[in-house]
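K.L.:
Pasting in a structure now, in structure tokens, and then I'll have a few things to ask.
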Amino acid sequence: MFCCILACLLVLGVYLPFLAIGGLCAGTGAFLICGSGMAAEIAFVLSVLASSGLLGAGAYSVDGWLFGRRRVIIASARRPKQ
């Protein structure tokens, strides 16, 4: 039941970084329980969760709609006048 709710929220993009952390914890627990029998499948799921958590949901997700787009402006380093 928990996995179905987690999957639906991930698809909608609701609080994606927090859900990705929860999914990583659940996937790590599944890896420890299942052992090496499903290591490739669990490693793939963990890598997808990690990448989606780091990249974010994007502008067309529920998070993008709730919190708005973010713009990162990096100021150029100014050299002191001599």
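The values are calculated or read from the model by the stated rules, or taken from the named source; none is laboratory data. It should be emphasised that the depicted structure is a prediction, and the values quoted were computed from it without experimental measurement. Neighbour counts run over all protein chains shown; Cβ positions are idealised from the backbone, glycine included. These area figures cover heavy atoms from the full protein model, side chains too; ligands, DNA and RNA do not enter into them. Shrake-Rupley method; radii C 1.70, N 1.55, O 1.52, S 1.80 Å.
K.L.:
Considering every residue within segment 36-44, establish whether at least one is closer than 30 Å to Gly68 by Cβ and of a type in the set (A, V, I, L, M). Break it down stepwise before answering.
P.N.:
To start, the set of residues in segment 36-44 that are closer than 30 Å to Gly68 by Cβ comprises none.
No, that holds for no residue.
K.L.:
Go through (1) of a type outside the set (S, T, N, Q); (2) open to solvent by less than 60 Å² (accessible area, probe 1.4 Å); (3) modelled with pLDDT under 75 and name the single condition Gly53 misses.
P.N.:
The number of the failed condition is (3).
Let's see how each residue does on (1) in contact with a helix residue (DSSP H, G or I) (Cβ under 9 Å, 6 or more places away or on another chain); (2) at pLDDT below 80; (3) open to solvent by 90 Å² or more (accessible area, probe 1.4 Å):
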| site | (1), (2), (3) |
| --- | --- |
| Leu12 | yes, yes, yes |
| Gly23 | yes, no, no |
| Gly37 | no, yes, no |
| Val45 | yes, no, no |
| Gly58 | yes, yes, no |
